[in-house]
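To start, the structure itself, in structure tokens.
Derivation of every value follows stated rules applied to the coordinates shown; laboratory data play no part. The structure displayed is predicted, hence computed values, not measured ones. A quick note on method: Cβ atoms are made from the backbone with ideal geometry, for glycine too, and the neighbour counts reach across all protein chains shown.
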Ligand SMILES: *Cc1c(COP(=O)(O)O)cnc(C)c1O
């Protein structure tokens with residue numbers, strides 16, 4: 001028998017193996033607190049001398065089982081669920097960067113993350129420099145400073161769906177003695193495992209494909225255990241120096257490779273909260289059990305739709321790396337050989353007006369700000385999320401005024417294509 005379980009098996013069974021008479025499905029442990037027999041037992045938990053549950057803000061069995069399943073899928077040493085994807089990216093950075101620190105981030109990232117890094121972090125005294133991920137290594141390297149604590153990037157960007165050259169980014173981060181933290185929301189661990197390419201920490205908005213049914217907001221941080229914090233002890237005192245709030249415990253000494261993720265739980269969750277609820281964790285568990293099937297399906301359906309769009313004279317351009325003539329097709333074959341996800345970006349001739357008539361004529365494909373779940377949906381940033389900007393300002397922000405983001409769901413791809421076809425015809429009138 002082969003030793004390593006495949007992703008499909010982990011999706012279904014990872015993180016929970018019931019013994020005799022226990023529930024087959026992962027139970028929801030709907031309890032804020034946990035019982036102990038002696039005062040001594042409880043005291044040892046508070047000193048982190050024993051592992052165990054005592055309060056759901058720090059840890060809960062359902063949350064832990066789901067985190068463990070995602071951790072196994074990503075190939076990490078430990079994971080922690082958060083209340084949202086925003087919270088995951090916030091805590092992933094805050095765990096090793098505080099006032100006076102500096103972050104380097106790629107600029108083609110999710111709008112919410114861009115605001116978090118570009119605006120809110122400044123208020124916490126953390127400076128962020130943005131770089132173009134396609135710039136040469138020497139160029140990107142110039143953004144790093146002595147007080148830089150991490151390099152942040154997205155594995156598959158939104159809305160341009162460009163693939164990060166993870167190996168290049170890891171090389172730059174490590175040359176500057178900082179970890180590479182990547183948001184892997186769009187490909188999911190089914191289609192890309194960034195830790196295998198040199199990333200150190202992975203985050204997700206589980207709200208997207210992992211949940212997949214549009215029911216629960218959530219996030220997760222996975223620790224690859226690969227970064228040597230002690231080699232840069234002065235840069236990361238929170239992990240390498242004694243923590244007075246735990247009687248002088250040092251995370252790297254006490255928890256070794258799992259120092260980062262343990263601190264995220266015992267320190268950040270203790271002090272800032274923002275936990276996932278066990279009920280929502282249970283929904284995430286249901287999503288995970290079919291994630292492998294859904295990712296395969298959306299990537300295949302998106303390919304069909306992309307090929308159809310290419311056959312239409314109304315198409316101005318399309319970005320979908322699974323297409324052979326996409327400029328990043330080779331990179332797709334390297335990092336995501338089984339497919340990317342269901343999201344593509346395209347533009348039609350005829351400008352904003354034609355695009356709006358096209359979108360208004362769609363029946364099955366719905367107009368939504370959401371993306372990456374079981375429903376096929378479309379968004380036109382110039383008319384929706386970026387509508388306050390002029391075409392010139394959009395160009396400066398790197399958003400083509402004609403760009404539409406299409407996220408293919410689990411409906412029959414032929415029905416999606418028929419809907420697009422009738423809407424293209426209707427838009428001409
Ligand atoms: C949606 C999204 C987020 C934010 O996640 P929420 O769960 O909505 O807080 C972060 N990163 C990416 C890539 C996303 O698509």
- prompt: In the stretch 174-229, if every C-alpha pair distance is counted and binned at 10 Å from zero, what percent goes to each bin?
  reply: 25, 47, 22, 6, 0
message: Give me the one-decimal Kirkwood hydrodynamic radius in Å for the chain, with the sum taken over alpha-carbon pairs.
response: 22.7
- request: Hey, for a label at residue 232 modelled as a point 7 Å past Cα toward Cβ, could you say which residues of the stretch 61-105 have their backbone N under 15 Å away?
  value: 93-98, 101-105
message: For the pair residue 22/residue 9, report the inter-label distance in nm, with labels modelled 7 Å from Cα in the Cβ direction.
response: 1.9
task: On a 0 to 90° scale, report how tilted helix 278-288 is relative to the longest principal axis of the chain, with both axes built from alpha carbons and the result rounded to the nearest 10.
output: 50
query: How far, in degrees from 0 to 90, does helix 85-94 lean away from the longest principal axis of the Cα atoms of the chain, to the nearest 10?
result: 50
- prompt: Which value results for Rg/Rh of the stretch 143-278 when Rg is the Cα radius of gyration and Rh the Kirkwood radius based on the inverse mean 1/r?
  reply: 0.99
field: Inter-part distance where the stretch 174-246 and the stretch 254-271 are each reduced to a Cα centre, Å
entry: 12
message: Can you tell me which of 308, 375, 209 moves the most in a GNM of the chain? Springs connect C-alpha atoms under 10 Å apart.
response: 308
statement: Mean Cβ-within-10 Å packing, highest first, puts peptides 405-414, 38-47 in the order 405-414, 38-47
- line: Rounded to whole angstrom, the alpha-carbon centroid of the stretch 369-385 lies from that of the stretch 345-364 at a distance of 13
- prompt: Using only the Cα atoms of the stretch 61-166, what do you get for the radius of gyration and for Dmax, in Å?
  reply: 14.9, 46
- request: Determine the calculated [θ] at 222 nm for the chain from helices alone, applying -39500 (n - 2.57) to every DSSP H run no shorter than 4 residues and normalising by the residue count; nearest 500 deg cm²/dmol.
  value: -9500 deg cm²/dmol
message: With a 10 Å cut-off between alpha carbons and a GNM built on the chain, which of 138, 74, 296 moves the most?
response: 138
message: Quick one: the Cα spread of the stretch 50-96 along its three principal axes, in angstroms, biggest first?
response: 27, 24, 19
- prompt: Tilt of helix 413-427 relative to the longest C-alpha principal axis of the chain, in degrees (0 to 90, nearest 10)?
  reply: 50
message: To check you understand DSSP bridge types, tell me what percent of the beta bridges within the chain (both residues inside) are antiparallel, rounded to 5.
response: 55
query: Taking the stretch 227-385, how much of its Cα-Cα pair set, in percent, is spaced more than 20 angstrom apart?
result: 68
- prompt: Which length gain, in nm to one decimal place, applies between residue 385 and residue 364 when the Cα-Cα distance is subtracted from 0.36 nm times their residue separation?
  reply: 5.4 nm
